[in-house]
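The structure appears right after this line, and notes come after that.
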Amino acid sequence: MKKLFFGLIVLGFTNLMNAQLAINEAQSNAAYLLNVTISDNAEIVTTLEKIVADYNIKKIAVYNVDSNNTYDVVFEDATYKIKATYTKTGEVIKTFEEFNNIKLPLQLSTEILRKYPNWAFSSNKQTVTYEKDKGAIKIYTVEIQNNTTIKSLKFNVVSSPEINYVAINN
């Protein structure tokens, strides 16, 4: 009976330690998510950035616990590409993210339509560049069209109580 009781205690501590390791890995990428997430992101962008944050680098074939190498992982399909660099502990230290023809944030699309009332959206791209010690730069490039005339507009995402987007050119 003592052996069974001792075995259950050891098993309980083992599970507790594994849970703590999972929590620590998730917390290590909380800074990444905090920097790249904006409140009115397209749902697909938020979902993919969460996948990047939750990715377990230790499960890939080339992972080596004794190495101090970083690992580049590419997530992509026809509408997006994310290149993420992870440390050996699984922390995201750098990303380059590109999302094509996604739903634009309401405030941004409203501002564009207000300034260009007879124009139509033809395409858009959101790029996010993240570095652990520098934060994230988020840029929307939006093409609008009026008959045969096409304009390319760029907007930088900023955090401000009054405005969330600053035009880079227009």
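Here is how the numbers come out for the structure above:
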item: Some residue of segment 84-95 being surrounded by fewer than 15 Cβ atoms within 10 Å (Cβ to Cβ) and of a type in the set (D, E); result: no
item: Residue within segment 98-110 that is part of a strand (DSSP E or B) and closer than 15 Å to V36 by Cα present; result: yes
item: Subset tally (residues that are charged (D, E, K, R), in contact (Cβ under 8 Å) with a residue 60 or more places away in the chain and closer than 13 Å to E98 by Cα) for segment 108-143; result: 1
item: Single match in K132, K103, K125, K138 (criterion: of a type in the set (D, E, K, R) and open to solvent by less than 50 Å² (accessible area, probe 1.4 Å)); result: K138
item: Residue count for segment 48-62, restricted to those that are over 8 Å from K88 (Cα atoms) and surrounded by 11 or more Cβ atoms within 10 Å (Cβ to Cβ); result: 10
item: Residue that is within 26 Å of the chain's Cα centre (by Cα) and of a type in the set (S, T, Y), where the choices are T148, T127; result: T127
item: Qualifying residue in segment 74-84 (condition: in a loop (DSSP other than H, G, I, E, B) and either among the aliphatic types (A, V, I, L, M) or over 16 Å from the mean Cα position of the chain (by Cα) (or both)); result: yes
item: First in segment 32-50 and assigned to a helix (DSSP H, G or I), second anywhere and open to solvent by less than 50 Å² (accessible area, probe 1.4 Å) and polar (S, T, N, Q), Cβ under 9 Å, 6 or more apart; result: Y32/T95; V36/T95; V45/Q126; E49/N41; E49/T95
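The values are calculated or read from the model by the stated rules, or taken from the named source; none is laboratory data. Keep in mind the model is a prediction, meaning the values are calculated, not measured. Glycine gets a Cβ as well: all are built from the backbone with ideal geometry, and neighbour counts include every protein chain shown. Surface accessibility is based on the protein's heavy atoms, side chains included, excluding ligands, DNA and RNA. Shrake-Rupley method; radii C 1.70, N 1.55, O 1.52, S 1.80 Å.
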